[in-house]
Amino acid sequence: MKKFDTIIKGGTIITDMDSFKGDIGIKDGKVYQIESDLKDDAEKIINAEHKYVIPGGIDPHTHLDMPFGGTYSSDDFNTGTIAAACGGTTTIVDFAIQSKGKTLEEAANTWRKKAEGKAVIDYGLHLAVTDMNEDVIKEIPFRIKEGYSSFKLFMTYDGLRVTDDVLMNTLIVVSENGGLTGVHAENYYAIKYFTDKFKEEGKIEPKYHALSRPDLVEGEAAGRAIKLAKLVGAPLYIVHNSCEASTSEVKRAREEGYPIMGETCPQYLLLSYDNYEEPGFNGAKYVMSPPLRDKSNWPYMWESLADDTLQLVATDHCPFFMKQKEMGKDFFGKIPNGAPGIELRMALMYTYGVVEKKFDLQRFVQVTSTNAAKIFGMYPKKGTIAVGSDADIVIFDTNVEKTVKQEILHENVDYTPFEGFKLKGYPETTMVRGKVIVENGQFVGEKGYGEFIMRESPMII
Ligand code: URP
Ligand code: ZN
Ligand code: ZN
Ligand code: ZN
């Protein structure tokens, strides 16, 4: 009987606090020992010399197999998590969305069924409240106890959006029961005004999706949600901040000492409004909400990530084939909103964050893994490499150079918004609970290996 199942040998271990050379002994899916030099007493030895050994990525904002805009996002929990794993992500938190007239429990069960037997990495679920009533309020404490410790409200989208009273009530009940409320912040009425106006004027091309949702649409809603959270003394998480208008609201509230947190996504750091001007119907590739912003926002967004105004980078992965996007060929309002990104998050953040000196290796680990684990109640089981933690580990090869092409990805969709992007460094090996599921970039895992994560209360960071 060997002492360990696996030893990862000779790599440079990077955590949110530290970088050091060492060996990691893994047993029963957990990190068992970390030493500068472990004796080769293991079933399997993985050589990580000259490579970084980092906590597996955590992407707390994905939409797999999601009904949206009259169709479904094209990655399900199998294809989507395979793509995630190949990109160095070992945990996702997806959104279970309440159907009108149904309970949160039904939403949770529906999404558990979508994931079970399919996911190849571990997953948690946020609950998206779309139809609030007395019974739903009463349900919330029970759902939190079952591991659904975070909630999400859409301030826009017909059929999903909630009004400010619902937002306030949810903030109160969720926080009283140790959970966290998140919002998609955009002003519904402003969007409706511009959308109707453009339609009437015959302005129907994809770029008018972006022009109907200017920065202030997001800034206003983020500011309003933050003020409501302040009023009722609840913590709040703002998803997919795209621009200075919303991020500056988060910044101000944090400076005042309020428990407000937020994320951005690679697309808001690396793509811009200019993409909507691509010829033909190409602009539809980038139709997402909030939309891509003017480039002038980039420095502010990178800085916000570096200085902890924003705590992490998620993807909002919500892919649709171009055929699906064509539902909006005659009117931008009918283009399903969302774009792929689950596979490239880690590599993009390493190249454009660390290599381009926007932040250091510790911040890279914080924004891609540790902070998501903390905020969404999974730390220290997930989000770090420490004795007792799940052995969710990525061996990252900083010497690999790649140019992004749709063909090299595993996402179930026919384009990537990051086509042509140069990458320096890429995940080589991905391990989930001690099992190697990606080896030399090839998926070698097993359908259904992923487990549901019962999440605890958020940490306010
Ligand atoms: O356009 C987007 N972001 N689609 C996914 C749903 C959402 O708003 O997060
Ligand atoms: Zn050597
Ligand atoms: Zn959203
Ligand atoms: Zn989303």
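Derivation of every value follows stated rules applied to the coordinates shown; laboratory data play no part. The structure presented is a predicted model; accordingly, all values stated were derived computationally and were not measured. Reconstructed Cβ throughout: ideal geometry from the backbone, glycine too, with neighbour counts over all protein chains shown.
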### Query
Taking trypsin sites (Lys or Arg not before Pro) as exposed when DSSP calls them loop (any state but H, G, I, E, B) and at most 10 other Cβ atoms lie within 10 Å, what is the longest stretch of the chain free of them, the sites themselves excluded?
101-356
### Message
With angles folded into 0 to 90 degrees, how steeply does helix 104-115 sit against the dominant principal axis of the chain? Use alpha carbons for both and round to 10.
### Response
50 degrees
### Task
Of the DSSP beta bridges with both residues in the chain, give the percent that are antiparallel, rounding to the nearest 5.
45 percent
### Task
Above 15 angstrom, tally the Cα pairs of region 105-163 and express them as a % of all pairs, no decimals.
55 percent
#### Entry: Surrounding net charge for CYS243, when Lys and Arg each add one and Asp and Glu each subtract one, Cβ distance under 9 Å
-3
### Query
Given THR110, ALA372, THR403, which one lies farthest toward the positive end of the charge dipole of the chain, if we put +1 on the Cβ of every Lys and Arg and -1 on the Cβ of every Asp and Glu?
THR110
### Task
Relative to the longest principal axis of the C-alpha atoms of the chain, give the angle of the C-alpha long axis of helix 164-176, reported between 0 and 90° and rounded to the nearest 10°.
30 degrees
### Summary
Given GluC sites (Glu not before Pro), DSSP loops and at most 10 other Cβ atoms within 10 Å, the longest exposed-site-free stretch of the chain is 257-445
### Estimated 222 nm signal from helices in the chain, with DSSP H stretches of n ≥ 4 weighted -39500 (n - 2.57), rounded to 500
-7500 deg cm²/dmol
### Query
If one computes the Cα centroid of region 339-372 and of region 24-50, what distance in Å separates the two points?
25 Å
### Message
Can you compute the modelled spin-label distance between MET1 and TYR157, with each label point 7 Å from Cα toward Cβ, in nm?
### Response
5.0 nm
### Query
Of the lysine pairs in region 186-271, how many meet both conditions: Cα atoms under 21 Å apart, and a spacing of 8 or more in sequence or different chains?
6
### Query
Across bins of 10 angstrom width beginning at 0, how are the C-alpha pair distances of region 1-158 distributed, in whole percent?
10, 29, 26, 19, 13, 4
### Query
Rounded, prolate or oblate: which fits region 294-406 when a ≥ b ≥ c are the square roots of the eigenvalues of the alpha-carbon gyration tensor, with rounded for a/c under 1.5 and prolate only if a/b beats b/c?
prolate
### Message
Could you tell me the relative contact order of the chain? Use alpha-carbon pairs under 8 Å, at least six residues apart, and round to a whole percent.
### Response
22 percent
## Note on the structure
Taking N as the number of residues in the chain, the ratio of its alpha carbon radius of gyration to 2.2 N^0.38 Å works out to 0.93
### Query
Taking square-rooted eigenvalues a ≥ b ≥ c of the alpha carbon gyration tensor, is region 76-225 rounded, prolate or oblate, where a/c under 1.5 means rounded and, failing that, a/b exceeding b/c means prolate?
oblate
#### Entry: Gain in span if fully extended, GLU35 to ASP274, counting 0.36 nm per residue against the direct Cα distance
81.1 nm
### Query
Where the Cα atoms of region 1-92 are projected onto their three principal axes, how long is each span, largest first, in whole Å?
57, 32, 19
### Task
Largest first and in whole Å, give the semi-axes of region 283-348's equivalent ellipsoid, each being the square root of 5 times a Cα gyration tensor eigenvalue.
27, 14, 9
### Query
What is the fewest-to-most order of LEU270, LEU231, LEU344, LEU104 by other Cβ atoms lying within 10 Å of their Cβ?
LEU231, LEU270, LEU104, LEU344
### Query
Quick one: Cα convex hull volume of region 182-229, Å³ per residue?
60 Å³
### Message
Compute the helix-to-body angle for 244-255: its Cα long axis versus the longest principal axis of the chain, expressed 0 to 90° and rounded to tens.
### Response
60 degrees
#### Entry: Where labels lie 7 Å past Cα in the beta-carbon direction, separation of THR110 and VAL400 in nm
3.7 nm
### Task
Measure off 7 Å from each Cα along the Cα-to-Cβ vector at PHE281 and ASP330, then give the distance between these two points in nanometres to one decimal.
1.2 nm
### Summary
Using alpha carbon centers only, region 303-338 is separated from region 247-264 by a whole-angstrom value of 22 Å
### Task
Could you give the size of the charge dipole of region 1-142 about its Cα centre, using +1 on the Cβ of each K and R and -1 on the Cβ of each D and E, expressed in debye and rounded to the nearest 20?
280 debye
### Task
Can you tell me the dipole magnitude for the chain around its Cα centre, using point charges on the Cβ only (Lys, Arg +1; Asp, Glu -1), in Debye to the nearest 20?
160 debye
